[in-house]
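What follows is a short report on a single structure.
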Amino acid sequence: MPDRREFLWTAAGSSVMDVHAAEFTPSPGEMVLRETEPPNLETPTAALRLPLTPTAQFYVRNHFPTPAIDRRAWRLHVDGAVDRPMSLSADELRQLPRVSRRLTMECAGNGRVFLVPKVRGVNWANGAVGNAEWTGVPLSAVLDRAGVKPSAVEVVLEGADVGTVNDDPKSPGPIAFARSLPLAKARRPEVLLADSMNGEPLTPDHGAPLRAVVGGWYGMASVKWLNRIVVTDRPFQGFWQTLDYSEFTRPHGVPTMGPITAMRVKAVILATHPAIHGVAWAGESSITKVEISTDGGTTWSAATLLSEAKPFEWVHWEFKWSPAPGRYRLIARATDAEGRTQPEKRDPDRRTYQINHLVPVVHLAPGQ
Ligand SMILES: Nc1nc2c(c(=O)[nH]1)N[C@H]1C(S)=C(S)[C@@H](COP(=O)(O)O)O[C@H]1N2
Ligand SMILES: [Mo]
């Protein structure tokens, strides 16, 4: 009897292998549909093999329908604990110094389909992740213009999308999507207010006319359709970081709930033949090694990183092998520059998010 984890992967893993066997180059624009209303779309495995994810294939995670926004009428409001509350038009924002950065973004629920027992939430396999080049202004430039008061501790980012969450825990009627950043993170250079993605203006599904991109953090922090920034003098307790997108930590052994923040180290197998290929990322840290086991975790060997590993961006890797005919349980395991390695078992403190425990892929090597 295979164990349940292996059975799951045989079922889910076969689709990974089918995609790979079918072709090497992804078909342009192809997406895996996870939910129709609102649109929740997953990047197909083949597209995850590209260094930069094409915008048309970058996963879409929406809690509410994509709002219709008239760019000419739209303004970004900045208020709260600032010296100069202000509102900026899209053209005014474009006058500020612009930067471009490649940043990897993973949905905190990516890989949820591999959880046993099953849990509620969008059933992502491996493709709620992508790497794009984002262009815009650093959030710090806008904060500096507004003048942050000494009492400030956090920066709340609010989107224009509004809706009612009807699943438990329910929202108190209609609410906007909003998340906060501690001031220190908000000022970091990897936190952008982006109006373009991969060299083109943002598309509606990815947050036009302006979105936050919080390098190194799970995707929920990268608020789309941004229309308000509120600087606060106390930690924000909004729905999307208390009742949702939260985790348990255990200071002094006492379970405490807090917002999900940085992406955890993770490697994903994208193809098993002719070589084992995949991608790995480590949030604010960088990947130092990816190891492969072809025997279900008994022995491990190093894979080769195919480019220089950096913070905030994924790196592709490869492991050459020539298996004798048979059935193999392949596992990839990544370690980051802080020495953190992917856990073998799922940690329940992470609830239904941050899914980076080891999941085997079954490979069948045919006889001659
Ligand atoms: N306003 C708004 N911002 C949002 C969301 C949302 O539903 N509304 N979803 C968040 C989540 S959970 C993720 S993973 C990312 C996904 O960004 P993408 O759709 O461009 O891939 O956007 C984040 N920003
Ligand atoms: Mo997400």
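The values are calculated or read from the model by the stated rules, or taken from the named source; none is laboratory data. A quick note: this is a predicted structure, and the numbers were derived from the prediction, not measured. In this analysis, Cβ positions are derived from the backbone assuming ideal geometry, glycine residues included, and neighbour counts consider all displayed protein chains. For the accessible areas, the whole protein counts, side chains as well, though only heavy atoms, and no ligand, DNA or RNA atoms are used. Shrake-Rupley method; radii C 1.70, N 1.55, O 1.52, S 1.80 Å.
For this structure, a couple of remarks:
- Output for region 135-146, where each listed residue is surrounded by fewer than 21 Cβ atoms within 10 Å (Cβ to Cβ) and either within 12 Å of ligand 2 (Cβ to nearest atom) or assigned to a strand (DSSP E or B) (or both): Thr135
- Per this entry, Val32 is not counted among residues that are at pLDDT below 50 and touching a Ser or Thr at 6+ places or on another chain (Cβ under 8 Å).
- Filter pass, Gly278 being touching a Cys at 6+ places or on another chain (Cβ under 7 Å) and either under 16 Å from Val155 (Cα atoms) or small (Gly, Ala, Ser) (or both): no
- Single match in Lys149, Lys224 (criterion: over 20 Å from the mean Cα position of the chain (by Cα) and touching a residue at least 60 places away in the same chain (Cβ under 8 Å)): Lys149
- Criterion: surrounded by 21 or more Cβ atoms within 10 Å (Cβ to Cβ) and touching a Lys or Arg at 6+ places or on another chain (Cβ under 7 Å) - qualifying residue of Asn123, Asn131: Asn131
- Scan of region 292-317 for residues that are open to solvent by less than 40 Å² (accessible area, probe 1.4 Å) and part of a strand (DSSP E or B), ordered by number: Ile292, Ser293, Glu313, Val315, His316, Trp317
- Per-region count, region 85-134, residues assigned to a loop (DSSP other than H, G, I, E, B), more than 16 Å from ligand 2 (Cβ to nearest atom) and either under 21 Å from Asp349 (Cβ atoms) or touching a residue at least 40 places away in the same chain (Cβ under 8 Å) (or both): 6
- Listed by position, the strands (runs of 3 or more DSSP E) enclosed by region 149-256 that each have at least 2 residues that are within 16 Å of ligand 2 (Cβ to nearest atom) are 154-163, 175-182, 211-214, 246-249.
- Qualifying residue in region 164-181 (condition: in contact (Cβ under 8 Å) with a residue 60 or more places away in the chain, among the polar types (S, T, N, Q) and open to solvent by 20 Å² or more (accessible area, probe 1.4 Å)): no
- Scanning region 145-203 for residues that are farther than 24 Å from Phe58 by Cβ, in contact with a strand residue (DSSP E or B) (Cβ under 7 Å, 6 or more places away or on another chain) and of a type in the set (Val, Ile, Thr) yields a count of 5.
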